[in-house]
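Input: a single structure, listed below in structure tokens.
Rule-based calculations on the coordinates, nothing more; no lab input. Only a predicted model underlies this, so the values are computations on that prediction, with no experimental measurement involved. Here the Cβ positions follow ideal geometry from the backbone for every residue, glycine too, while neighbour counts run over all protein chains shown.
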Amino acid sequence: MILLNDKIHVEKDDLRRIFYIKDEDKAVPFYIQNAIVDLIFEEGGFKRKYNDLNDLELIEDKFIKKVINIIDNLYKVPSKTDYSDKYITYIWYYLPNNMYKVWQPLVDLLIAGELKNKIKVLDIGTGPATLPLGIIEFYKIIAENLKDKEFVICFHLIDSQKKFIDYANYLISKVLLPKNLKVQVNSLVANVKDDSILKKDFKYDIISMSNFINHFEHEKDFDAFKLLKNLRDNLNDDGSLIIIEPGSEFECISFKKIRNKLVNEGIYNIFSPCIPIWEDRDKINCACFSTYIMEVKKPELIQFLLSKGLKKFKNREHVAYNYTVLRKDGLYKYRIERNKQSFFTIKEIFEHQEKEFRANIKGIVKKKSNKNLSFCICDGTMPNKDYWIKIDESALNDTKEAIKKLNMGEKISIKKLKVIKKENKVNMILDIKSKLQLFY
């Protein structure tokens, strides 16, 4: 890992060594959880005794049951959420659940050498600083691996709820930082519908938002397209707009339709994860359902709620969500393949006349099934459908293990993929003769 022209560059081994963190290691730090407990006790009027997570046992059952009831029923009705009685609920459950969602967009930028050591971040609808906390934890890893370099993150946080802004400032103040990482925070209580708060001469390296443009957060008259379009003026020329949304099918498709309009009108280009393989694409009509699966250790805060009767996602060991990174400089996470050589496109596989043959392909992972040991890919030539590749029992064990680590947005290459056409169906099989390559 090196710093070149104020941007961080990594080699393949760096990504594997530094950022391929095991699921059980991607845990919300104690000091953040403990700071959340501070806020819970302050709002509940309780007094701390041990100054660690054991204090949770001191909270009245009535208070806990109220929190659990809100969590189990929140976001069931497709309308704007009133957070006036849900602030504690949000920081107790949703903040630790969502904090690491920003890591994959940041890894995408890191792969392309597009993360700076000194960045200015505008986080819209910041809530209790869920995304900023994730960004800080990400940069801590980089700073600890480049101890002789200085890193600075300057946050501008906006939220319409003063209580959330107060929480955000407090929680960020409790983060433990390495000596070579500095964090600055400017916050504003405001509604982003007010265009005057976003001055065109305010430029940012990253503009981020999480679970912000969906129907749970706004009235029906909210124009997400207009907001995202106007934010273009606030991005540096090499800046990135990171949008993270829920993993449900309805939210995914709605979100992608807005993304498509932004791209088709030439406002942004998609940097990741849905990018073409073989040719540039300035128009996109795909609004398929796909989700990024993030497996993380359940934080102690959530484990406590589960022990007290929380039902929501009780047996789920992952967090599902959608994201996109948009830019205005035409850059992609992965370079376009200009030399097709001996490779087939997915469209060519379907058009090929032979009933059984071997093919070399490249594509972007859309989704996967650990249960069925299979995954779905797209190369841009036949969008809006799922093309699944099944893993044969004969496949090498290393290949099977690599498949388990695959996730949405990652580029792969398969040589000697087995293709069988039968009764208008195309079966693609990765077997012992096939060779899988992953691109980080």
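Along region 347-356 the Karplus relation, 6.51 cos²θ - 1.76 cosθ + 1.60 evaluated at θ = phi - 60°, assigns HN-Hα couplings of 4, 5, 4, 6, 8, 4, 7, 5, 7, 8 Hz to successive residues, with x for each Gly and Pro. For the pair PHE202 and ASN339, a Förster radius of 35 Å applied to the C-beta separation gives a FRET efficiency near 0.25, rounded to the nearest 0.05.
Note on region 247-318 and region 370-398: Cα centroid distance 19 Å, given to the nearest whole angstrom. For region 137-206, the list of chymotrypsin sites (Phe, Trp or Tyr not before Pro) that fall in a loop by DSSP and count at most 14 other C-beta atoms within 10 angstrom reads PHE202.
In terms of distances greater than 18 angstrom between alpha carbons, the cross-link table entries LYS367/LYS400; LYS390/LYS415; LYS199/LYS333 yield LYS199/LYS333. How far, in nm, would the chain grow between LYS229 and VAL185 when pulled straight, counting 0.36 nm per residue and subtracting the alpha carbon separation? Taking LYS229 through VAL185 to full extension adds about 13.3 nm, to one decimal. Within straight-line reach of LYS49, meaning a Cα separation under 26 Å, sit the following lysines at least 8 residues removed in sequence or on another chain: LYS62, LYS65, LYS66, LYS86, LYS163, LYS174, LYS298, LYS308.
What FRET efficiency do you get for GLN303 and GLU144 if R0 is 22 Å and r is their Cβ-Cβ distance, rounded to the nearest 0.05?
On the way: r = 27 Å, r/R0 = 1.24.
Efficiency at R0 = 22 Å is approximately 0.20.
What the Cβ-Cβ distance of LYS422 and LYS47 gives, at R0 = 60 Å and to the nearest 0.05, is a FRET efficiency of 0.30. Using every pair of separate Cα atoms, the Kirkwood estimate puts the hydrodynamic radius of region 67-138 at 14.1 angstrom.
Where both residues lie in the chain, what percent of DSSP beta bridges are antiparallel, nearest 5? Could you put the intermediate results ahead of the total?
Working: 45 of 76 bridges.
Roughly 60 percent of the DSSP beta bridges within the chain come out antiparallel.
The largest-to-smallest principal axis extents of the Cα set in region 343-439 are 33, 27, 24 Å. Taken along its three principal axes, the alpha carbon spread of the chain comes to 73, 50, 50 Å, from the longest extent down to the shortest.
So what is the calculated 222 nm ellipticity per residue for the chain, using -39500 (n - 2.57) for each DSSP H run with n of 4 or more, over all residues, to the nearest 500 deg cm²/dmol? Value at 222 nm, helices only: -8000 deg cm²/dmol. Of the trypsin sites (Lys or Arg not before Pro) found in region 86-178, those that fall in a DSSP loop while having at most 10 other beta-carbon atoms within 10 Å are LYS147. Between HIS352 and ASP329, the distance separating the two model label sites (each 7 Å from Cα on the Cα→Cβ line) works out to 3.8 nm.
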